[in-house]
Amino acid sequence: MSEHILVRRDGPIATVVLNRPDKLNAMTKPMWRRLGEVIAALSDEDDLRCLVLRGAGGRAFCPGNDISEFTTERSNPEQAKAYGEILHRTLGALKDCRHPTVALIEGICVGGGLEIAALCDIRVCGRSSRFGVPINRLGLVMAYPEIAGLRDLVGAATTLEILLEGRVFGADEAREKGLVTRVVADDRVEAEAYETAGRIAAGAPLVARWHKKFLRRLERPGPLTEEERDEGYACYGTEDFQIGYRSFLLKRTPEFEGR
């Protein structure tokens with residue numbers, strides 16, 4: 001099933017492709033497992049600066065889980081729990097990824113696909129993209145680890161609206177709700193997503209990782225420790241800081257080393 005999750009590298013930018021275009025990239029249990037493994041491995045790579053997630057084929061990012069698996073893999077609470085443990089580990093790996101993540105959204109992005117996109121740092125979609133979580137029509141709930149990502153992105157009230165109505169809606173409404181970062185013409189989605197990734201990759205990678213870490217920490221209750229506060233000044237001891245400010249003074253483009 002590894003052929004259904006592809007990884008491509010272009011210098012410091014990696015692309016992870018959900019590769020079932022004949023099924024609009026619907027997720028299966030092996031795909032969820034493999035996606036988590038891939039995200040975790042890429043997170044550990046120090047030379048990576050940005051990760052782009054996309055669906056294959058151009059018609060869909062992902063419509064969620066493959067419905068055919070309900071009879072074989074999720075037909076009762078015990079099976080569903082085992083399936084959910086794999087899915088939730090993958091969502092956790094995506095949330096905890098050290099590197100900035102960009103969702104390149106073409107076409108349909110609903111259900112589990114929206115859960116994946118919601119955990120990316122930046123989401124770029126086309127004007128014809130469609131969003132929603134119509135699982136109320138299947139008699140299903142979105143479990144705690146899944147609903148958390150959506151709530152953290154758009155808030156409890158909007159999350160509840162999406163779940164209670166089960167509507168599938170367009171890109172403009174998704175932008176108004178805060179589900180996507182940027183809406184562009186359909187033929188510009190790929191270019192815009194990779195231009196975004198390029199701008200991220202051109203910045204100091206340690207800074208990007210620190211910013212992600214700091215924001216995650218601020219989501220947790222409790223005061224910051226002295227050690228945590230001091231980490232806000234650690235950048236001044238990096239080679240990248242020396243490269244950055246000297247390049248600024250010399251009016252030249254910095255070439256960061258990630259050290």
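The values are calculated or read from the model by the stated rules, or taken from the named source; none is laboratory data. Everything quoted here is computed from the prediction, not taken from an experiment. Counting neighbours? That spans all protein chains shown, and the Cβs are built from the backbone with ideal geometry, glycine included.
If you check every pair at least six apart or on different chains, which have Cβ atoms under 8 Å apart with a residue in the stretch 156-170 that is in the same structural domain as N136 (by TED's automatic domain parsing) and in contact (Cβ under 8 Å) with a residue 40 or more places away in the chain first and a residue that is of a type in the set (K, R) and in a helix (DSSP H, G or I) second?
none
Before we move on, is V184 in contact with a strand residue (DSSP E or B) (Cβ under 7 Å, 6 or more places away or on another chain) and of a type in the set (A, V, I, L, M)?
So V184 fits the description; yes.
Would you confirm whether or not the stretch 118-136 contains a residue that is free of Cβ contacts under 8 Å to residues at least 24 places away in the same chain, surrounded by fewer than 18 Cβ atoms within 10 Å (Cβ to Cβ) and either of a type outside the set (A, V, I, L, M) or not assigned by TED's automatic domain parsing to the domain that holds V38 (or both)?
No: the stretch 118-136 contains no residue that is free of Cβ contacts under 8 Å to residues at least 24 places away in the same chain, surrounded by fewer than 18 Cβ atoms within 10 Å (Cβ to Cβ) and either of a type outside the set (A, V, I, L, M) or not assigned by TED's automatic domain parsing to the domain that holds V38 (or both).
Specify the residue that is farthest from D96 (Cα to Cα); the eligible residues are those in the stretch 212-259 that are more than 28 Å from the chain's Cα centre (by Cα) and of a type in the set (D, E, K, R).
Within the stretch 212-259, the match that is farthest from D96 (Cα to Cα) is K251.
Would you mind stating whether G111 is on the phi > 0 side of the Ramachandran plot, surrounded by 22 or more Cβ atoms within 10 Å (Cβ to Cβ) and in contact with a strand residue (DSSP E or B) (Cβ under 6 Å, 6 or more places away or on another chain)?
no
From the list S129, S75, pick out the single residue that is within 25 Å of R182 (Cβ to Cβ) and of a type in the set (G, A, S).
S129
Can you tell me which residues in the stretch 108-134 are within 15 Å of N65 (Cβ to Cβ), in a loop (DSSP other than H, G, I, E, B) and of a type outside the set (A, V, I, L, M)?
G111, P134, listed by residue number.
For the stretch 51-90, enumerate the residues that are closer than 20 Å to A143 by Cα, in contact with a helix residue (DSSP H, G or I) (Cβ under 6 Å, 6 or more places away or on another chain) and of a type in the set (A, V, I, L, M, F, W, C).
Once the filter is applied, which keeps residues that are closer than 20 Å to A143 by Cα, in contact with a helix residue (DSSP H, G or I) (Cβ under 6 Å, 6 or more places away or on another chain) and of a type in the set (A, V, I, L, M, F, W, C), the stretch 51-90 yields C62, I86, L87.
Residues checked against (1) within 30 Å of R199 (Cα to Cα); (2) in a helix (DSSP H, G or I); (3) touching a residue at least 60 places away in the same chain (Cβ under 8 Å); (4) among the β-branched types (V, I, T):
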site	(1), (2), (3), (4)
D22	no, yes, no, no
P30	no, yes, no, no
D47	yes, no, yes, no
E69	no, yes, no, no
S75	no, no, no, no
Q79	no, yes, no, no
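If I ask for residues that are under 17 Å from A197 (Cβ atoms) and among the small types (G, A, S), which ones from the stretch 81-122 would you list?
Selection gives A103, A117.
Just need a number here: residues in the stretch 175-212 that are charged (D, E, K, R), in contact with an Asp or Glu (Cβ under 9 Å, 6 or more places away or on another chain) and without any contact (Cβ under 8 Å) to a residue 60 or more places away in the chain.
Going through the stretch 175-212 one residue at a time, the tally reaches 1.
Among the numbered criteria (1) in a helix (DSSP H, G or I); (2) among the hydrophobic types (A, V, I, L, M, F, W, C); (3) surrounded by fewer than 24 Cβ atoms within 10 Å (Cβ to Cβ), which single criterion is violated by I39?
Every listed condition holds for I39 apart from (3).
Answer with yes or no whether C97 is hydrophobic (A, V, I, L, M, F, W, C), within 30 Å of E165 (Cβ to Cβ), touching a residue at least 24 places away in the same chain (Cβ under 8 Å) and touching a strand residue (DSSP E or B) at 6+ places or on another chain (Cβ under 7 Å).
Here the answer is no, as C97 does not meet what is asked.
Checking the structure you have, find out if any residue of the stretch 82-97 is outside any helix (DSSP H, G or I) and in the same structural domain as L18 (by TED's automatic domain parsing).
Yes, there is a match, as at least one residue in the stretch 82-97 is outside any helix (DSSP H, G or I) and in the same structural domain as L18 (by TED's automatic domain parsing).
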